[in-house]
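> I have a structure here, written as structure tokens, and I will follow up with some questions on it.
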């Protein structure tokens, strides 16, 4: 018999991929988390909740709004799930819970989020883990930037830039940054749910990329001829005018999730080049 999984955020990027590609594996129900009245939500027969919905990609989101949805409402959903006999609560967190000064991350790295979003996710993690017992497993996944077809946020902006501008000032950048293809992330979710594993898990593609390599891969998949120039003045100005953007484009952030993969006996099904190609071309079910 298929496990009955309730997915929040099923119409969004990660949730849409999961429900499309794993509908044959699980009996999937949906919940519009932002609009749902949790008091009226029926959880009978649900074995696992995959909680993907959150306040994210909203630069003007207040601390109060992040706490309301990412903490209070999330924990209330978990409490209701536990009372209803749901066996596992899978929570999509973020690497934004880590200290922003770090350039290398693993499961045990220092936690010190700098944004309202990261702070709310970390607080939710703590409160969710406090609910865990032998009958109610809590699984927390911390991904870096997730990419794939219809991905929102920075990757969407970068793809638009590659489409429109033939010459870009991103040549010769030697940084290393980790990303995760949505297909690899959802394969890990599937593994965690099948094994009913609890704890903290890091998701990442196997190989990090430089910003230059990322743009080259995307341009190649799109059959776009790009001229990438190394412009020191651009780098200098960005560092002072937009430090957060400078950090994402020019600095290192490598995720080592070897501990997670060993715990789950998990291997990513997609190489980074395949993930980028599938992001451009789309992936069949």
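> Name every residue in segment 205-232 that is more than 30 Å from residue 108 (Cβ to Cβ), in a helix (DSSP H, G or I) and in contact (Cβ under 8 Å) with a residue 24 or more places away in the chain, in order of residue number.
Applying the first criterion (more than 30 Å from residue 108 (Cβ to Cβ)) to segment 205-232 yields 212, 215-232.
Within this subset, residues satisfying the condition of being in a helix (DSSP H, G or I) are 212, 215-222, 232.
Of everything in segment 205-232, those that are more than 30 Å from residue 108 (Cβ to Cβ), in a helix (DSSP H, G or I) and in contact (Cβ under 8 Å) with a residue 24 or more places away in the chain turn out to be 212, 215, 217, 218, 219, 221, 222.
> Say we look at segment 18-49 and pick out the residues that are more than 21 Å from residue 68 (Cβ to Cβ) and crowded, with 22+ Cβ neighbours inside 10 Å; which of these is farthest from the chain's Cα centre (by Cα)?
48
> Are any of the residues in segment 85-101 out of contact with any helix residue (DSSP H, G or I) (no Cβ under 8 Å at 6 or more places or on another chain), under 22 Å from residue 186 (Cβ atoms), at pLDDT below 95 and exposed (fewer than 14 other Cβ atoms within 10 Å of the Cβ)?
no
> So, of the residues in segment 138-171 that are part of a loop (DSSP other than H, G, I, E, B) and within 18 Å of the chain's Cα centre (by Cα), which turns out to be surrounded by the most Cβ atoms within 10 Å (Cβ to Cβ)?
Going through segment 138-171, the residues part of a loop (DSSP other than H, G, I, E, B) turn out to be 143-144, 148-153, 165-166, 169-171.
Add one more test, that the residue is within 18 Å of the chain's Cα centre (by Cα), and what stays is 143-144, 148-153.
Details: 143: 23, 144: 23, 148: 25, 149: 15, 150: 12, 151: 19, 152: 12, 153: 13.
Result: 148.
> Let me ask you something else. Looking at (1) free of Cβ contacts under 8 Å to residues at least 40 places away in the same chain; (2) under 17 Å from the mean Cα position of the chain (by Cα); (3) not in a loop (DSSP other than H, G, I, E, B), can you tell me which one residue 113 breaks?
The number of the failed condition is (3).
> Then there's this: Looking at 107, 134, which is the one that is more than 16 Å from residue 6 (Cα to Cα) and surrounded by 14 or more Cβ atoms within 10 Å (Cβ to Cβ)? Talk me through it step by step, then tell me what you get.
Numbers: 134 fails: surrounded by 14 or more Cβ atoms within 10 Å (Cβ to Cβ).
Unique residue meeting the criteria: 107.
> Kindly provide the set of residues from segment 227-272 that are crowded, with 18+ Cβ neighbours inside 10 Å, touching a helix residue (DSSP H, G or I) at 6+ places or on another chain (Cβ under 7 Å) and either under 20 Å from residue 94 (Cβ atoms) or at pLDDT below 90 (or both), ordered by number.
Once the filter is applied, which keeps residues that are crowded, with 18+ Cβ neighbours inside 10 Å, touching a helix residue (DSSP H, G or I) at 6+ places or on another chain (Cβ under 7 Å) and either under 20 Å from residue 94 (Cβ atoms) or at pLDDT below 90 (or both), segment 227-272 yields 249, 255, 266, 268.
> Scan segment 114-161 for residues that are touching a strand residue (DSSP E or B) at 6+ places or on another chain (Cβ under 8 Å) and more than 18 Å from residue 201 (Cβ to Cβ) and jot them down.
Within segment 114-161, 147, 148, 153, 154, 155, 161 meet the criteria.
> Could you tell me whether any residue of segment 233-253 is under 30 Å from residue 139 (Cβ atoms), in contact with a strand residue (DSSP E or B) (Cβ under 6 Å, 6 or more places away or on another chain) and in contact (Cβ under 8 Å) with a residue 12 or more places away in the chain?
yes
> Can you confirm whether residue 70 is within 26 Å of residue 113 (Cβ to Cβ) and part of a loop (DSSP other than H, G, I, E, B)?
So residue 70 fails the test.
The values are calculated or read from the model by the stated rules, or taken from the named source; none is laboratory data. All figures in this text were calculated on a predicted structure; none of them were measured in a lab. Please note: Cβ atoms are built from the backbone with ideal geometry, for glycine as well, and neighbour counts cover all protein chains shown.
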